[in-house]
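Colleague: Got a structure for you, questions after.
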Amino acid sequence: MASQRRRSSALSSLILLSLLVAASAEVFFEERFDDGWENRWVKSDWKKDEKLAGEWNYTSGKWNGDPNDKGIQTSEDYRFYAISAEFPEFSNKDKTLVFQFSVKHEQKLDCGGGYMKLLSSGIDQKKFGGDTPYSIMFGPDICGYSTKKVHAIITYNETNHLIKKDVPCETDQLTHVYTFILRPDATYSILIDNVEKQSGSLYSDWSILPPKKIKDPEAKKPEDWDDKEYIPDPEDKKPEGYDDIPKEIPDPEAKKPEDWDDEEDGEWTAPTMANPEYKGPWKQKKIKNPNYKGKWKAPMIDNPDFKDDPDIYVYPSLKYVGIELWQVKSGTLFDNVLICDDPEYAKNLVEETWGKQKDAEKAAFDEEEKKKEEEESKDDPVDSDAEIEDDEDDADAEDDSDAEAKPEAHLADDTEESAHDEL
């Protein structure tokens, strides 16, 4: 009974803590794509006249952890997608800004984005597209073998600035949650599935402002500065006769052929072989330089071109959130979009949604993959040629040998094709 009371008390404390977190958080926008979501989102007419505007599906996907938890998914290949939602305009001045959403690439994405955008006031949602100015662009981008990263692009003075650090993204076909946190002290964090993957400062990790410190352009390396870490050993001398050792010598095992005719074939000479005594060109040994002072670096000074902006992190009129993509292969699903001022609230939302569903989603995906493999194995006519030949008259031994060779030929073809696909 006592243990039950303790568990009940702990659960009550956890619920109370969650309620307190929710009460203290200011949520500017939260979209779980439940009933009525179409009334909150505006599909853009961008690329519509060119018949290149893609349609969204309202779905939980082919595999999921909860069939009732739906999002919006790109449904047509080779299409542009643009959709946005409005929220009450606000400024993040003196506030922490949290931008979070989940994304799943069911199509095993080869090249395409899964990012979202925060936009400020003054846009036409029906014209929202690739040229529409945005304030923050955040989320995964995958293309080939080289691009598999999280975009974090900050707009400052109408110029887009890419993060300088590399933040790898997830590349599987399961749901993942991406979180961008921007604080009033101009520090940031990037999380994937509630795990911090990168952090730092707007000052150092984006080239938004000139650097605070620069190398002193007037500084010169002192003439007596010794930056050679190793020097030739003055005690090491080349052995006498070292240069006289030939690289090759006549092969002592070689013998003049019995049918060799000096008059007709010329004077016989033994073929040469590598000389085991030859050690290559002589090189003087090196030792640590006792006068080594290290690599010289110019001292850092205050950058005269640097002018601080304490509002470097501020967006005074955030009003929209949008998705704008080009997809060669469709199937990217977005859900659980959140804009708030409390990282703890965002963390709890991740656990409440993705955290509760991820294991069931993985199991559903594995089951789907298993079915696919079984179907492919049924359709694979691997040994059909061999079976036909086994049924035929095998009186001719030569024909039998040909039949044995054919499966090997099929294996070779399959291997070559697999290698080609890999490239």
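Colleague: Can you give me the convex hull volume of the Cα atoms of segment 197-298, divided per residue and expressed in Å³?
Modeller: Taking only Cα atoms, segment 197-298 has a hull volume of 371 Å³ per residue.
Colleague: Taking the alpha-carbon centroid of each part, what is the distance from segment 229-253 to segment 120-136 in angstrom?
Modeller: Here the two parts' Cα centres lie 73 Å apart.
Colleague: Less than 18 Å apart at the alpha-carbon level, and either on another chain or at least 8 residues along: which lysines does that give for Lys127?
Modeller: Counting by Cα, and skipping residues close in sequence, Lys127 has these lysines nearby: Lys43, Lys47, Lys48, Lys51, Lys117, Lys319.
Colleague: Let a ≥ b ≥ c be the square roots of the eigenvalues of the Cα gyration tensor of segment 285-354; is it rounded (a/c under 1.5), or, if not, prolate (a/b larger than b/c) or oblate?
Modeller: prolate
Colleague: Among residues other than Tyr134 whose Cβ falls under 9 Å from its Cβ, what is the net charge (Lys/Arg +1, Asp/Glu -1)?
Modeller: In short, 0.
Colleague: Run the numbers for Asp262 and Tyr58: contour at 0.36 nm per residue of separation, minus the present Cα-Cα distance, in nm.
Modeller: 64.1 nm
Colleague: Using R₀ = 41 Å, calculate the FRET efficiency as 1/(1 + (r/R₀)^6) where r is the Cβ-Cβ separation of Asp302 and Val27; round to 0.05.
Modeller: 0.50
Colleague: Amide H neighbours of Gly71 under 5 Å, at least 5 residues apart or on other chains, H built in the peptide plane: list them.
Modeller: Under 5 Å from the amide H of Gly71: Thr59, Ser60.
Colleague: Sorting Trp46, Trp37, Trp225 on the 10 Å Cβ count, fewest up front, what's the list?
Modeller: Ordered by Cβ neighbours within 10 Å, fewest first: Trp225, Trp37, Trp46.
Colleague: So for the pair Glu368, Glu253, with labels modelled 7 Å out along Cα→Cβ, what separation do we get in nm?
Modeller: 6.5 nm
Colleague: Based on other C-beta atoms within 10 Å, arrange Leu52, Leu109 from fewest to most.
Modeller: Fewest-to-most Cβ neighbours within 10 Å comes out as Leu52, Leu109.
Colleague: Please find the FRET efficiency linking Asn275 to Asp227, where r is the Cβ-Cβ separation and R0 is fixed at 45 Å, and quote it to the nearest 0.05.
Modeller: So, using R0 = 45 Å, E works out to roughly 0.70.
Colleague: While we're looking at this one, here's another question. For Ile136, Ile153, what's the fewest-to-most ordering of other Cβ within 10 Å of each Cβ?
Modeller: Ile153, Ile136
Bear in mind these aren't lab numbers, they're just calculated from the coordinates by the rules spelled out. All values derive from a computational prediction rather than experimental measurement. Because the Cβ atoms are built from the backbone with ideal geometry, glycine has one as well, and the counts that use them run over all protein chains shown.
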